[in-house]
Amino acid sequence: MKVLDLKKQFKHLYQPSAKKVESIQVPEFQFAMIDGAIEKGFAPGTSPLFAEATQALYGLSYTLKFMLKKRKTNAIDYPVMALEGLWWVEDGFFDITIKDNWFYTLMIMQPDVITSEMFEEAREQVRKKKGDSDLLNKLRLARFNEGLSVQTMHIGPYATEPATFDRMKEFMAENGFKDRVGPAGGKHHEIYISDPRKSAPDKMKTVLRHPVEGRNPEKKKEEKNMNCFYHPENPPSDYCKHCQRGLCPECAAVIDDVLACLHRHEDDVHKQEQLIARNLFQSKRVASAYTRNAIFYGLVGALFSWFGIIQYRFIGIQAVFFILIGIFLLYAASANYFEGRKHK
């Protein structure tokens, strides 16, 4: 059975760092989609229609997954990807703090092997199992090309997203980007990595992404050599671990959770990662040895010092010899302890 590891392949798009805001080139993907609007007086977390649309989207996506996994020939397994939402308003500017005038497109990425015929077959299976519904009929299979975007990982409850969005706006201003969300036609994009029903609010992960346009001429000139080495018109999603050349998603291969030039440096990067893993393993062994030495020297040093102190009135100056040995061993224990911490 062939396995499509979409989460690993597109890790840079679905697991960005929360410590930084970055610009990326998002390629065109295929999605199962459904449109809707938040009812007046509700928010996404309390809207009944939003919950029903989410359920319908997941139901069809899992049906597609098991259709391909259980077919007798050319079976394919792949993970159901995270729920995503495109958000916008019909009038005025999008305000992330006002939610009952939002329109949305909920979507889940589907591998390119899914065809419209498979999609309709899956819809029919869901209809037979759960009955017909307006939401089921509104589901569609479509392609979406987001292009140049700015994104980061937000960690925390949805209510604190505005602070993370402020960081994104600062990044756009500093790097010459213009936000396309609003009258320019772009849509606020959220990817829900965590399930709010199972995750603590302060640990929830949500990718925030905004489509952007252009850089000013000075920024373009400064970063000309920082774009993808093989496709200079595309910004890099990351860099090859072997040659440090910028790579866009089209020419990057994921090797042990890092990137390598596709069909060029996969083996080199794999060997580098193996060497790093071995070194880390040896470093942990060294740290463990230093810790054992620290415990041993500490116990023996404490014993010698204690013996010297209680015997001082009986053997006099000779007891000082035991105390000095104890102090030396305690010093050796502390030295081993701090040296061991360097290798952790």
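Some points to look at:
- Qualifying residue in region 274-288 (condition: at pLDDT 80 or above, closer than 30 Å to ASN336 by Cα and under 25 Å from the mean Cα position of the chain (by Cα)): yes
- Pairs, first under 12 Å from ARG123 (Cα atoms) in region 61-78, second acidic (Asp, Glu) and buried (at least 18 other Cβ atoms within 10 Å of the Cβ), C-beta under 8 Å, six or more apart: none
- The set of residues in region 68-126 that are under 27 Å from PHE42 (Cβ atoms), out of contact with any Pro (no Cβ under 7 Å at 6 or more places or on another chain) and of a type in the set (A, V, I, L, M) comprises VAL80, MET81, ALA82, LEU83, LEU86, VAL89, ILE98, LEU106, MET107, ILE108, MET109, VAL126.
- Conditions (1) touching a residue at least 40 places away in the same chain (Cβ under 8 Å); (2) surrounded by 15 or more Cβ atoms within 10 Å (Cβ to Cβ); (3) more than 26 Å from the chain's Cα centre (by Cα); number of the one not met by ILE24: (3)
- Whichever residue in region 76-91 is of a type in the set (D, E, K, R) and not in a loop (DSSP other than H, G, I, E, B) and, among such residues, is farthest from PRO16 (Cα to Cα): ASP77
- Members of region 29-62 found to be surrounded by fewer than 20 Cβ atoms within 10 Å (Cβ to Cβ), in a helix (DSSP H, G or I) and out of contact with any Leu (no Cβ under 6 Å at 6 or more places or on another chain), listed by number: PRO48, LEU49, ALA51, GLN55, TYR58, GLY59, TYR62
- The one condition in (1) in contact (Cβ under 8 Å) with a residue 12 or more places away in the chain; (2) within 25 Å of the chain's Cα centre (by Cα) that PHE119 fails to fulfil: (2)
- Note on region 102-130: among residues that are β-branched (Val, Ile, Thr) and out of contact with any Phe, Trp or Tyr (no Cβ under 7 Å at 6 or more places or on another chain), the one that is surrounded by the fewest Cβ atoms within 10 Å (Cβ to Cβ) is THR115.
- Flag for ALA142 being modelled with pLDDT under 95 and assigned by TED's automatic domain parsing to the domain that holds VAL181: no
- Taking every residue in region 287-306 that is assigned by TED's automatic domain parsing to the domain that holds LEU330 and pairing it with any residue that is outside any helix (DSSP H, G or I) and surrounded by fewer than 16 Cβ atoms within 10 Å (Cβ to Cβ), at least 6 positions away or on another chain, the pairs with Cβ-Cβ distances below 7 Å are ALA287/LYS344.
- Across region 27-64, the qualifying residues are those that are over 30 Å from LEU148 (Cβ atoms) and aromatic (Phe, Trp, Tyr), and the one among them that is nearest to the chain's Cα centre (by Cα) is TYR62.
- Considering region 1-21, the residues that are in a loop (DSSP other than H, G, I, E, B) and either in contact with a helix residue (DSSP H, G or I) (Cβ under 8 Å, 6 or more places away or on another chain) or surrounded by 14 or more Cβ atoms within 10 Å (Cβ to Cβ) (or both) include one that is modelled with the lowest pLDDT, namely MET1.
- Qualifying residue in region 108-116 (condition: in the same structural domain as GLN15 (by TED's automatic domain parsing), farther than 24 Å from VAL26 by Cβ and in contact with a strand residue (DSSP E or B) (Cβ under 9 Å, 6 or more places away or on another chain)): no
- Single unsatisfied condition, SER237 versus (1) at pLDDT 90 or above; (2) closer than 30 Å to HIS12 by Cα: (1)
- For region 276-288, the count of residues that are closer than 30 Å to LYS241 by Cβ and surrounded by 14 or more Cβ atoms within 10 Å (Cβ to Cβ) is at least one.
- Candidates LYS65, LYS40 - the one that is over 27 Å from ALA163 (Cβ atoms) and assigned by TED's automatic domain parsing to the domain that holds MET153: LYS65
- Each residue in region 290-343 was checked for being in a helix (DSSP H, G or I), small (Gly, Ala, Ser) and loosely packed, with under 13 Cβ neighbours inside 10 Å, and 0 of them qualify.
- Any chance LYS99 is surrounded by fewer than 18 Cβ atoms within 10 Å (Cβ to Cβ), touching a Phe, Trp or Tyr at 6+ places or on another chain (Cβ under 9 Å), basic (Lys, Arg) and closer than 23 Å to LEU49 by Cβ: yes
The values are calculated or read from the model by the stated rules, or taken from the named source; none is laboratory data. Keep in mind it's a predicted model, so treat the numbers as computed, not measured. So basically every Cβ, Gly included, is an ideal-geometry build from the backbone, and we count neighbours across all protein chains shown.
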